[in-house]
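All remarks here apply to the structure that follows.
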Amino acid sequence: MAGGISGIRAIALLAVYAGLSLCASRIGVPAWVTCVAIFGALFAWFRVWPHLVTLVVIFSMYGLVLGMPRQDPWPEALRFVLNDTSQFSLRVLLYLIVPMIFFTSVVDPYQLSRDVARLRIPGAGPVLQLIGSIRLAVFNRLQEIDTHLAVRGIDSASSLARFRTVGLWTVPLLAALITEAANRSAYCQMLGLPFPPKLVASRSPFGTVDVALFACAGGLILLWQFTS
Amino acid sequence: MAIYVLTANPNVIDFGHASLRARVEAHLGTVVDVYRPHPFVEHSGFSETVREEIGLVLTNHPADAPPLRTFDAFVEVWDLSAHLDRRVLDLSGGWRKYLGLALFLNRPLRARLLLDTTSHLSDARMRTLLVRAAEHGNSVFCEYDPQLLLRLTPGGTESAPAWPALTPLSDDGAIVSGVEAR
């Protein structure tokens, strides 16, 4: 699982989450609590801490807004926002962004694009492949920049140094990614490929863990049905 | 099947490759396809491993221009079997470049102009490159340091066979012409 989990495993996890959330709602646990608890556990299990930071940054913006001078005390304001049932409340944002960031960080983009390519949606596989591979491209380029800085005696890879040297690595990283994106099509044409090329589609692995997860999700949904 | 080594103003490789291509086409009297390193792009980006990259390129060749070699033969003659299951992004810069060059040279082209191909390549990889370049069509190498190629000793063994004599060419910015070998 070097590149991450398959699309099938992601769907299985999502199904288990939906089942747990439905069952928890039966005993009065709010859906946002289930969402935070389950994805908190998943983030810890898969150890994708950098993406957890992304979430902290996103939701801290809400904190900033709530921190502004207001008539209600802060805890009440937070409760109000979490229980808000309007169309685009914090809860909706939570249900959309938390799973999205989690699956973006753990799903193998290559396998996902192969899965999508098998659905024969024109252009969907290659586009998804490119979007997904940006994550790998970023880490790859960042590693190269770190090496260049290290030979000049500058540590940029450790956690605190990453923030301290932000001015040194962001510009070359952005320049490399933009140039790479601009040259991708020319490179493919040089090799005689159409752009985007037709992907080689291979079946996603379907193991016993996936079967168990789907069975668990099915059981939870049945439990939810029969306890209503 | 000739191999030429073109000496030109090094700036032409970066900034004047379109006009250089026209001059090489005029000299050879045929259409020329260009290989040149594209900054920050060393693989298609649509594949994860070396195996998938080769498979992707070979299956996407146009029907009227099939690859010179199919998968197994390609891997064997380019010595890529040890790297098949490695991620392309995990290869060194030289191997990534070599993989791209191998895939380019697997295209059935009448003539090729290869710009800055030898930087980052070991002597062994350069030898393989020259042997394979001699198999199909004409190849013109234009390097920042052409002497690296001209002074490369041929292998001459079964595992590293020799390549045909390299023909020096010169570009003065207006015309490409042959030069006397020293």
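Just so you know, all these numbers are worked out from the coordinates, no wet-lab data involved. Worth saying up front: this structure is predicted, and the values here are computed from it rather than measured. As a convention, Cβ positions derive from the backbone with ideal geometry for all residues, glycine included, and neighbour counts pool all protein chains shown.
So if I check each of B:LEU103, B:LEU109, B:LEU113, B:LEU99, which one is buried (at least 17 other Cβ atoms within 10 Å of the Cβ), in a loop (DSSP other than H, G, I, E, B) and under 13 Å from the mean Cα position of the chain (by Cα)? Full working, then the answer.
Numbers: B:LEU103 fails: in a loop (DSSP other than H, G, I, E, B); B:LEU113 fails: in a loop (DSSP other than H, G, I, E, B); B:LEU99 fails: in a loop (DSSP other than H, G, I, E, B).
It is B:LEU109.
Would you check if B:HIS27 is within 24 Å of B:ASP145 (Cβ to Cβ) and away from every other protein chain (no Cβ under 12 Å)?
Against the criterion (within 24 Å of B:ASP145 (Cβ to Cβ) and away from every other protein chain (no Cβ under 12 Å)), B:HIS27 qualifies.
Any idea which of (1) among the aromatic types (Phe, Trp, Tyr); (2) surrounded by fewer than 19 Cβ atoms within 10 Å (Cβ to Cβ); (3) in contact with a strand residue (DSSP E or B) (Cβ under 6 Å, 6 or more places away or on another chain) is the one A:TYR187 doesn't satisfy?
The number of the failed condition is (2).
Across the stretch A:126-180, which residue is surrounded by the fewest Cβ atoms within 10 Å (Cβ to Cβ) among those that are under 19 Å from A:PRO109 (Cβ atoms) and polar (S, T, N, Q)? Even if it seems obvious, please write down each step before you answer.
Kept after step one, since they are under 19 Å from A:PRO109 (Cβ atoms), are these residues of the stretch A:126-180: A:126-143, A:173, A:176-177, A:180.
Now narrow it down to the ones that are polar (S, T, N, Q): A:129, A:133, A:140, A:143.
Values: A:GLN129: 24, A:SER133: 19, A:ASN140: 17, A:GLN143: 12.
My answer is A:GLN143.
Within the stretch B:50-92, restricting attention to residues that are of a type in the set (Val, Ile, Thr) and surrounded by fewer than 19 Cβ atoms within 10 Å (Cβ to Cβ), which residue is farthest from the other protein chains (Cβ to nearest Cβ)?
The extreme case among them is B:VAL77.
When the residues of the stretch B:1-38 are narrowed to those that are small (Gly, Ala, Ser) and outside any helix (DSSP H, G or I), which ends up surrounded by the fewest Cβ atoms within 10 Å (Cβ to Cβ)?
My answer is B:GLY29.
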